[in-house]
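The values are calculated or read from the model by the stated rules, or taken from the named source; none is laboratory data. In this text the structure is predicted, and so the values were computed from the model without any measurement. All Cβ positions, even for glycine, are placed from backbone atoms using ideal geometry, and neighbour counts span all protein chains on display. Accessible surface is based on the protein model in full, side chains and every heavy atom, while ligands, DNA and RNA are left aside. Shrake-Rupley method; radii C 1.70, N 1.55, O 1.52, S 1.80 Å.
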Amino acid sequence: MSINPDKLNELLGKAVVDFGATFHAALVRVGDKLGLYKALASGGPQTPAELAKRTGTTERYLREWLCNQAAGGYVSYDGQTGKFHLSEEQAFAMADENSPAFLPGMFQAALAAIKAEEMITERFKTGEGLGWHQHHQELFVGTERFFRPGYAANLVTSWIPALHGVKEKLEQGATVADVGCGLGASTILMAKSYPNSKFFAFDYHDKSIETAQQRASDAGVSDRIEFKVAKAKEYPGENYDFVTFFDCLHDMGDPVGASAHVRSTLADDGTWMIVEPFAGDKIEDNLHPVGRAFYGASTLICTPASLSQEVGLALGAQAGEERLREVVSAGGFSHFRRATQTPFNLIFEARA
């Protein structure tokens, strides 16, 4: 066996980065839960002792945490003053929950997902699935916090306007079904933006529906949204003007059956918007950092979720446009197109 030392060193370098990133993910969550990023953003440059006083935490732990964050580039350090601070970019991404680049939710979701590692290891041997509801409860909250910034930045401003005639219908008053709504972020955003429309939101996970109802009430839009526990193949209603699936079609055991159900509940001139993780059609198209993250989530969350349900088609989070087209077409839709995209999502329009 002949080892190329340059290639070996390159691999070892990647491993060191990932080794540190594994610890870093947990420490991002610590900073998020304790309000450390927000305190740095609002308080300006601070020593560990000053930040400890501001946040009611212990200086010795904070000193180590701050050094870790500075080494990773998530916090800035001034060697002359011995103080740490957040740059404008760091604050925008780490401390502002309304920012389209808010990052802590992403780490929260990933940490929750890896809590299932022992169960997933067993399922590699048995082939059994692991339902969404069987994961740690932090996954539900973290996933919503991960997706919400992207939805807030794009849904009303670019995704819906990219669909034929949908924006106008929603402004005039349409009937909408948001399927797989989770904690309700997407539904609430639409209800706020289109007060003349009526929204029906469905998810099979009862605890998520309970949280979504409370969040809609807190947002002052509960009169426009009706939440119900229902599966994608069974949600009630008919003649919907607009049906939405946000990052969930690939999680379903029978996405073809779900597609057929959408077709049966959609008005003749209605539109189905499908938001899916960004992916190319070939494996080699997805061998990059975003693809790596989505394949990781797919292995721990999405594929097991599908395999836990009937049919268990297991599309995975990197299904790609052509595979999704096959699924949607098999459900009875004749029109399918990519309406728009972001670096993280593909947005499709389906019509009869």
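Side notes on the structure shown:
- In region 314-340, the residues that are open to solvent by 60 Å² or more (accessible area, probe 1.4 Å), farther than 21 Å from L266 by Cβ and in contact with a Leu (Cβ under 9 Å, 6 or more places away or on another chain): R323
- Test: residue in region 215-235 that is without any contact (Cβ under 8 Å) to a residue 40 or more places away in the chain, under 23 Å from D32 (Cβ atoms) and assigned to a helix (DSSP H, G or I): yes
Conditions (1) under 23 Å from N345 (Cα atoms); (2) basic (K, R), marked per residue:
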residue	(1), (2)
K83	no, yes
Q90	no, no
E97	yes, no
P100	yes, no
L103	yes, no
A113	yes, no
I120	no, no
E128	no, no
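- Flag for I160 being of a type in the set (V, I, T) and open to solvent by 30 Å² or more (accessible area, probe 1.4 Å): no
- One residue stands out among those in region 259-272 that are hydrophobic (A, V, I, L, M, F, W, C) and surrounded by 23 or more Cβ atoms within 10 Å (Cβ to Cβ): the one that is farthest from Q108 (Cα to Cα), which is L266.
- Selected residue (only one of T121, T57, T126 is within 14 Å of A39 (Cβ to Cβ) and of a type in the set (S, T, Y)): T57
- Qualifying residue in region 168-179 (condition: part of a loop (DSSP other than H, G, I, E, B), in contact with an Asp or Glu (Cβ under 8 Å, 6 or more places away or on another chain) and not hydroxyl-bearing (S, T, Y)): yes
- Single condition G150 does not satisfy, out of (1) of a type outside the set (V, I, T); (2) open to solvent by less than 40 Å² (accessible area, probe 1.4 Å); (3) touching a helix residue (DSSP H, G or I) at 6+ places or on another chain (Cβ under 6 Å); (4) part of a helix (DSSP H, G or I): (3)
- Among the numbered conditions (1) at pLDDT below 95; (2) open to solvent by less than 10 Å² (accessible area, probe 1.4 Å), the only one that A201 does not meet is (1).
- Yes/no for D281 being in a strand (DSSP E or B), on the phi < 0 side of the Ramachandran plot and either surrounded by fewer than 21 Cβ atoms within 10 Å (Cβ to Cβ) or more than 17 Å from the chain's Cα centre (by Cα) (or both): no
- Condition check for D178: at pLDDT 95 or above and within 16 Å of N239 (Cα to Cα): yes
- Checked against the criterion of being in contact with a helix residue (DSSP H, G or I) (Cβ under 9 Å, 6 or more places away or on another chain), over 30 Å from T271 (Cβ atoms) and open to solvent by less than 40 Å² (accessible area, probe 1.4 Å), the candidates F102, F107, F140 yield just one match: F107.
- One residue from E276, E322 being among the charged types (D, E, K, R), in contact (Cβ under 8 Å) with a residue 12 or more places away in the chain and within 20 Å of C181 (Cα to Cα): E276
- Selection within region 284-310 - surrounded by 15 or more Cβ atoms within 10 Å (Cβ to Cβ) and among the hydrophobic types (A, V, I, L, M, F, W, C): A293, F294, A297, L300, I301, C302, A305, L307
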